[in-house]
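Taking it in order: structure first as structure tokens, then the write-up.
Just so you know, all these numbers are worked out from the coordinates, no wet-lab data involved. If you're wondering where the values come from, they're calculated on a predicted model, not measured in any experiment. Cβ atoms come from the backbone with ideal geometry, glycine included; neighbour counts cover every protein chain shown.
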Amino acid sequence: MRKYNTIFLDRDGTLNPDPGYISSLDQFEFYDFTIPALQRLAHSGNRFCIVTNQSGVSRSLIDQDDLNKIHDYIKNEFFKYSIPLLDIYICTDHPENASNRRKPGSGMFLEAANDHSINLSESLMIGDSVHDIKSGNNLNMDTVLVLSGRGKDTIKDSPDVEPTVAVNDLQGAADWILE
Ligand SMILES: [Mg+2]
């Protein structure tokens, strides 16, 4: 079994299907396997932090209040199922005018490390995009590429991406961590 200080999770395509720019709570749903996989990991003593790029806000496609409602829902679900969630970090920057907070930048991870005394080099990043894997690799974290969401395109379009491991989805990630 692998033990991590904190497991960082991408949101869209990792925890939930990603139709693109989810702008209201009724468009958001976890994959069927998400809560069970996180519960298995939680039972083994893991804690989580969500880091999500949401450029739809700066593109005026997503209203900040609606984004807050989605994230309140996620926090409530994690609490309901006893899945420890430290926080949700959001970067709303437009890619053409992005700060270091936007993945693959390190900003959100460094904020989380500071807020919650996280040892990043003993942590794991799970996500479906090349940005997720690069951000984790840049910080010396282990990285899991999930082939849900955009994951299959990530492998096709970015053959140079080097996750620690690639698995089908979050369920596969849990299997790999707990094996
Ligand atoms: Mg994603």
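Observations
- Prolate/oblate/rounded call for region 58-107, Cα gyration tensor, a/c under 1.5 rounded: oblate
- Point-charge dipole on Cβ atoms (K/R +1, D/E -1) for region 1-78, about Cα centre, debye to 20: 580
- Kirkwood Rh (inverse of mean 1/r, distinct Cα pairs), region 7-178, angstrom: 16.0
- Residues in region 55-70 carry Karplus couplings, in order, of 5, x, 5, 6, 8, 6, 9, 10, 7, 4, 5, 5, 4, 4, 5, 4 Hz; the curve used is 6.51 cos²θ - 1.76 cosθ + 1.60 with θ = phi - 60°, and Gly or Pro positions show x.
- Options TYR21, ALA173, THR6, ranked by Cα towards positive dipole end of the chain, top entry (Cβ charges): THR6
- Per-residue Karplus couplings for region 91-104, computed as 6.51 cos²θ - 1.76 cosθ + 1.60 with θ equal to phi - 60°, are listed in order as 10, 9, 4, 6, x, 7, 9, 9, 7, 6, 6, 6, 4, x Hz, Gly and Pro entered as x.
- Dipole magnitude for region 7-178: computed about the Cα centre from +1 point charges on Lys and Arg Cβ and -1 point charges on Asp and Glu Cβ, it is near 220 debye.
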